[in-house]
1. Where in segment 177-257 are there helices (runs of 4 or more DSSP H), lying fully within it, with 3 or more residues that are within 13 Å of ligand 1 (Cβ to nearest atom) and either hydroxyl-bearing (Ser, Thr, Tyr) or crowded, with 16+ Cβ neighbours inside 10 Å (or both)?
2. Among (1) within 12 Å of ligand 1 (Cβ to nearest atom); (2) on the phi < 0 side of the Ramachandran plot, where does Ala43 come up short?
3. What's the number of the condition Asn143 fails, among (1) assigned to a loop (DSSP other than H, G, I, E, B); (2) more than 23 Å from Ala43 (Cβ to Cβ); (3) touching a Leu at 6+ places or on another chain (Cβ under 8 Å); (4) open to solvent by 20 Å² or more (accessible area, probe 1.4 Å)?
Amino acid sequence: MTRIYTLANQKGGVGKTTTTINLAAYLAQMGQRVLVVDLDPQANATSCLGVDKLAVAGGTYEALLGDSNPAAYVLLNERLKLSLLPSSPALAGAEVELVDELARESRLRKALEPIAHKYDYVLVDCPPSLGLLTVNGLMAAKNGVIVPVQCEYLALEGLGQLTQTIERVRSLLFPELTVRGVVLTMYDNRTNLSSDVVTEVNKHFPNQVFKSVIPRSVRLAEAPSYGLPISLYAPASVGAAAYEALAKELLAGDKRH
Ligand code: ATP
Ligand code: MG
C-alpha cells in the first residue's frame, strides 16, 4: 500500500527538507520504494539529493500545471535507490499561475495519481508558506501531515496557524486529512530550553509526537553541500542514528495501522 505524507510547517528553517530527504533515504535503505516530491521553489530537497535544479528538464512545476504524466520527470538515484520529482526555479511562478486553474488546490494530488502506486512511500517537501503550494501538499497527503518543529524558543508560535490551515483544508476540501506526527528537530541537550520545548510540544500534541527526537548535529548541516543524505555522508553520526530511528518508528507505526 502506498503511503503519502506531506512535510509542512510555514516557519522557515525548521528541518522540513532535512527530515524529508533523510527519512526518505533510510526508508529506501530499509527496502521501501520511495519517491520524494520537491514542492518548494527553493529546490533544497532537489539539491540535497545531488541534483542541479538549474539542469532539471521538468518536475513538480510541470506536474502541477501540465496535463502530462509526471513519470517522465521522475529521476532515479541509483545509489540511494530513491526517486525524486525535482523542483526547478519555474515553480516560483506556480502559485500565481495556478490561481486561475480549475481544481487548483488538488493539482498535485491529481498529478500523483498515475505514479504513486509504484512506491511504498511518497514524501512531499513543502515550502515555508501556507500558500497554494502548501495547500496542494496538504491535499496530496493521503496518509497525513508530518510537522517538523524546531526545539527553540517560540517553537509553538505559528503552529496554531498551521493547525488552522489543516483544519480549513479538512473542513472545506479533504475531510480525511490528518496529522501523522510531529518531529522534534535540532534538539540541543546542553540547554534546558530544548527539553522545555519537548515538554510543551508534547502537551499541545498529545500522542502525536514521534519519540525519535533529532539532535542538532553539524554533520546533518554539512551533508547537503555534498548532495548526500546523512546515511551516506556520516552514517555513524548521532544525526544519522536519529533519522534511522525515526524511519523505523514510522514504519513500525504504519505496520500497525
Ligand atoms: P525552509 O523553510 O527554508 O524550506 P526547512 O524547514 O526545510 O527550511 P532545512 O532546510 O531542513 O529546513 O534546515 C534549515 C537549516 O538547518 C539547513 O541549513 C540545515 O542543514 C540545518 N539543519 C537542519 N536540521 C539540522 C540539525 N538537526 N542539526 C543541525 N543543522 C540542521
Ligand atoms: Mg526546505
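1. Output list reads 238-256.
2. Only one criterion is unmet by Ala43, namely (2).
3. (3)
The values are calculated or read from the model by the stated rules, or taken from the named source; none is laboratory data. What you see is a predicted model, and the numbers here were worked out from it, not measured in a lab. We place every Cβ from the backbone using ideal geometry, glycine too, and count neighbours over all the protein chains shown. Protein only, heavy atoms only, side chains kept; ligands, DNA and RNA dropped before computing areas. Shrake-Rupley method; radii C 1.70, N 1.55, O 1.52, S 1.80 Å.
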